[in-house]
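The values are calculated or read from the model by the stated rules, or taken from the named source; none is laboratory data. Bear in mind the structure is a predicted one, so any value in this text is a computation, not a measurement. Positions of Cβ are backbone-derived with ideal geometry, glycine not excepted, and every protein chain shown enters the neighbour counts. Quick note on the areas: whole protein, heavy atoms, side chains included, nothing else; ligands and nucleic acids left out. Shrake-Rupley method; radii C 1.70, N 1.55, O 1.52, S 1.80 Å.
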Amino acid sequence: MKQVVDKAEDVTNSRVLEILARSGFAASGILHLLVGAIAVRLAVGGTGSADFSGAVAELATMPVGPFLLWGSFAACAALSLWQAGDAIFDFNHQPTRKKVKNKAKPTLQAIVYAILALTVWHFVTGTGTGGDNRKATSDFTIAMMQAPGGVALLVLIGLAVAVTGVVYGIRGPKKSFEKQLRMPSPGPARTAVTALGVAGYVAKGTVLLLAGLLIVIATIKEHPEDSTGLDGGLRALRDQPMGPYLLAAVGAGLVCYGAYMIMRARLAKMTK
C-alpha cells in the first residue's frame, strides 16, 4: 500500500503534471475573460449566459473550438489533480489545526477545477449548452430544499459562497494574492500583474457575493428557481439602479481577473 501511495505522490509531483496544471490557470483565465466579456455585452443590452457554461459555449464556436475544448479539459483536470495532491500529501507534518486549515484551500480548489473540467467535458461530448451552470444551480437548490435539513444547509452554503466573495474582494486591495506568485522585478510587468490582480479579485469577489446572496434569498423565499449562480447574480446586478454601469465595471474586472490568471500560469509558486 505504501508503494502505491508513494507512486501516487510522485505522479502529483511530476514535472509533466506541473506544466499541465499551470496551463489550467491559463484555461481558467480564458474562461473568466469570456465571462467578463459576456457580462459587458449584457450591460449594453446584448445576450449570453454570463457563467462558465456560457463561456465554454462561446469557446466552442471558435474556429479551433474542438482543440480549445480538449486542451481546456485536460488543463483543468490536471490542475484539479495537482490541488488534490496538495490536499492529500502536503502539510501532514503540521499540527492538526494548522494542517486542516492548509488542506482545506487546495481541497476546495480541486473541487472548483474539477467542476470546470466537467463543464468543458459536457461540451467535448456534445451534451453541453450555454445555460448548463444556471440550470444546474437551480436544480441543485430545488433538490436540496426537498431533502431533510436541506434548507438550513442551503443557507449555510449560500453564506459560505458570499463570505468567500468577501474574502476575495478583500484579497485584491490587500494584494495578498502576490504571495502565490513569483512576482516580476519592480517595473511595468510587476505593476501590470498587481493592477490586474487587484481589479480582478474585487470583481471575482463581487460575483461570488452576489451568487451566494441569491442562494440565501431564493432559499428563504422558497423560490429555488431564482438561485441561478453567476449568471443570475450578474443579471440581478444589472437590474439595480445604475446597474448596467455596475455590470460593465464588474465585467471589465472579470476580464482583468482572466488576464491575471493567464499571467499566474507562468508566475505561480508550484513548489510543494
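Among the basic types (Lys, Arg) and either open to solvent by 70 Å² or more (accessible area, probe 1.4 Å) or in contact with a Phe, Trp or Tyr (Cβ under 7 Å, 6 or more places away or on another chain) (or both): does that describe Arg264? It is true that Arg264 is among the basic types (Lys, Arg) and either open to solvent by 70 Å² or more (accessible area, probe 1.4 Å) or in contact with a Phe, Trp or Tyr (Cβ under 7 Å, 6 or more places away or on another chain) (or both).
Per-residue answers, yes or no, for (1) crowded, with 17+ Cβ neighbours inside 10 Å; (2) of a type outside the set (Val, Ile, Thr):
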site	(1), (2)
Ile88	yes, no
Ala117	yes, yes
Asp132	yes, yes
Ile170	no, no
Pro173	no, yes
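Examine the range 73-91 for a residue that is outside any helix (DSSP H, G or I), modelled with pLDDT under 90 and out of contact with any strand residue (DSSP E or B) (no Cβ under 9 Å at 6 or more places or on another chain), and state whether such a residue exists. For the range 73-91, residues outside any helix (DSSP H, G or I), modelled with pLDDT under 90 and out of contact with any strand residue (DSSP E or B) (no Cβ under 9 Å at 6 or more places or on another chain): present.
Contact annotation: residue pairs with Cβ atoms under 9 Å, 6 or more positions apart or on different chains, pairing a residue in the range 21-34 that is in contact (Cβ under 8 Å) with a residue 12 or more places away in the chain with a partner that is surrounded by fewer than 21 Cβ atoms within 10 Å (Cβ to Cβ) and not in a helix (DSSP H, G or I), are Ala21/Ala268; Ala21/Met270; Arg22/Ala268; Arg22/Met270; Phe25/Ala268. Taking Ala259 as the residue in question, decide whether it is open to solvent by less than 20 Å² (accessible area, probe 1.4 Å) and within 27 Å of Lys179 (Cβ to Cβ). Here the answer is no, as Ala259 does not meet what is asked. Cβ separations smaller than 6 Å between residues 6+ apart or across chains give the following pairs from the range 167-185 residues that are on the phi < 0 side of the Ramachandran plot to residues that are assigned to a helix (DSSP H, G or I) and open to solvent by 70 Å² or more (accessible area, probe 1.4 Å): Met183/Arg190; Pro184/Arg190. Among the residues making up the range 218-242, those that are free of Cβ contacts under 8 Å to residues at least 40 places away in the same chain and over 20 Å from Ser53 (Cα atoms) are Lys221, His223, Asp239, Gln240, Pro241, Met242. Of the numbered criteria (1) assigned to a helix (DSSP H, G or I); (2) under 19 Å from the mean Cα position of the chain (by Cα); (3) modelled with pLDDT under 90; (4) not aliphatic (A, V, I, L, M), the one Thr219 fails is (2). Out of Gly54, Gly48, one residue alone is modelled with pLDDT of 85 or more and closer than 21 Å to Thr137 by Cα. It is Gly54. Considering the range 11-40, and only residues there that are outside any loop (DSSP other than H, G, I, E, B) and out of contact with any helix residue (DSSP H, G or I) (no Cβ under 8 Å at 6 or more places or on another chain), the residue that is surrounded by the most Cβ atoms within 10 Å (Cβ to Cβ) turns out to be Ile19. Checked against the criterion of being under 17 Å from the mean Cα position of the chain (by Cα), closer than 22 Å to Ala78 by Cα, modelled with pLDDT of 85 or more and of a type outside the set (Ser, Thr, Tyr), the range 163-180 contains one or more residues that satisfy it. Within this structure, Thr191 fails the test of being surrounded by 16 or more Cβ atoms within 10 Å (Cβ to Cβ), more than 22 Å from the chain's Cα centre (by Cα) and either farther than 24 Å from Ala39 by Cβ or free of Cβ contacts under 8 Å to residues at least 24 places away in the same chain (or both).
Only one entry in Val207, Val167, Val202, Val100 is in a helix (DSSP H, G or I) and in contact with a Leu (Cβ under 7 Å, 6 or more places away or on another chain), namely Val207.
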